[in-house]
Amino acid sequence: MGRDAKEEIIFLKELVRKEKNPKLRDRFRAILLLKKKYKHHEIAEILGVTERTICNWKKRHNQGGYERLKTKSIPGRNTTLSKKDMKKLKALLKERDYWATKEVRELIKKEFDVEFTLRHIPRLLRKLGMMYQKPYVNDYRRPDDAEEILKKDYRARLWKIQ
């Protein structure tokens, strides 16, 4: 690294200050506190993690410096809908106000020939930045003037009673 202890602490303080990712910021703080001669259990208590986590971060830092503290990408299955397909899906969903989960699933099957489970549809909607609620919270079949109809019906029934 080529820095003395004071320079290293100043460098780490700057890293902590500039870092936007909270997980990485905590890792940098842990290394900073280690450089300031705090004990593992004290750092763990300050940061709200286990001592084992502090040891792991220290080991990773010793092996590869600050770059090694960054989160590794998690491998997984590739998405079945491309970014272009996702944009098209979002446009299709915006054509109507309310969709049931099953309706969204059928739309995806019809348009993209891809089948998703019902559990996955809310995840897709969140990924698109759309709100997901239980279907038909506000029934799409409800007339716009439903309150007026109800008031008229209520008044008519009230007059019949008297």
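With the condition kept exactly as written, say whether any residue in region 89-102 is at pLDDT 90 or above, β-branched (Val, Ile, Thr), surrounded by 12 or more Cβ atoms within 10 Å (Cβ to Cβ) and under 27 Å from the mean Cα position of the chain (by Cα). No: region 89-102 contains no residue that is at pLDDT 90 or above, β-branched (Val, Ile, Thr), surrounded by 12 or more Cβ atoms within 10 Å (Cβ to Cβ) and under 27 Å from the mean Cα position of the chain (by Cα). With the structure loaded, tell me whether ALA44 is surrounded by fewer than 12 Cβ atoms within 10 Å (Cβ to Cβ) and either under 24 Å from MET131 (Cα atoms) or aliphatic (A, V, I, L, M) (or both) or whether it fails that test. So ALA44 does not fit the description; no.
Remark: pairs (first residue in region 109-120, exposed (fewer than 12 other Cβ atoms within 10 Å of the Cβ); second residue among the charged types (D, E, K, R) and assigned to a helix (DSSP H, G or I); Cβ separation under 6 Å; 6+ apart in sequence or on different chains) = GLU115/LYS109.
Inside region 51-65, residues that are among the small types (Gly, Ala, Ser) and closer than 15 Å to LEU33 by Cα make up a count of 0. I'd like to check something: does region 135-142 contain any residue that is surrounded by 13 or more Cβ atoms within 10 Å (Cβ to Cβ), without any contact (Cβ under 8 Å) to a residue 40 or more places away in the chain, of a type outside the set (Asp, Glu) and farther than 30 Å from LEU32 by Cβ? Looking for residues that are surrounded by 13 or more Cβ atoms within 10 Å (Cβ to Cβ), without any contact (Cβ under 8 Å) to a residue 40 or more places away in the chain, of a type outside the set (Asp, Glu) and farther than 30 Å from LEU32 by Cβ, one finds at least one in region 135-142, hence yes. Checking the conditions here, which among TYR66, TYR98 is within 30 Å of HIS40 (Cα to Cα) and in contact (Cβ under 8 Å) with a residue 40 or more places away in the chain? Going through TYR66, TYR98 in turn, the sole match is TYR66. Which of (1) outside any loop (DSSP other than H, G, I, E, B); (2) within 30 Å of MET130 (Cα to Cα) is the odd one out, the single condition LYS20 does not satisfy? It is condition (1) that LYS20 fails.
Can you tell me which residues in region 71-86 are over 19 Å from the mean Cα position of the chain (by Cα) and either assigned to a helix (DSSP H, G or I) or farther than 16 Å from ILE121 by Cα (or both)? Those that are over 19 Å from the mean Cα position of the chain (by Cα) and either assigned to a helix (DSSP H, G or I) or farther than 16 Å from ILE121 by Cα (or both): LYS84, ASP85. Within region 51-62, does at least one residue satisfy the condition of being modelled with pLDDT under 90 and either outside any loop (DSSP other than H, G, I, E, B) or over 23 Å from TYR140 (Cβ atoms) (or both)? Checked region 51-62: no residue is modelled with pLDDT under 90 and either outside any loop (DSSP other than H, G, I, E, B) or over 23 Å from TYR140 (Cβ atoms) (or both).
The values are calculated or read from the model by the stated rules, or taken from the named source; none is laboratory data. Small disclaimer: the values here were computed from a predicted structure and weren't measured. All Cβ positions, glycine included, derive from the backbone under ideal geometry; neighbour counts span all protein chains shown.
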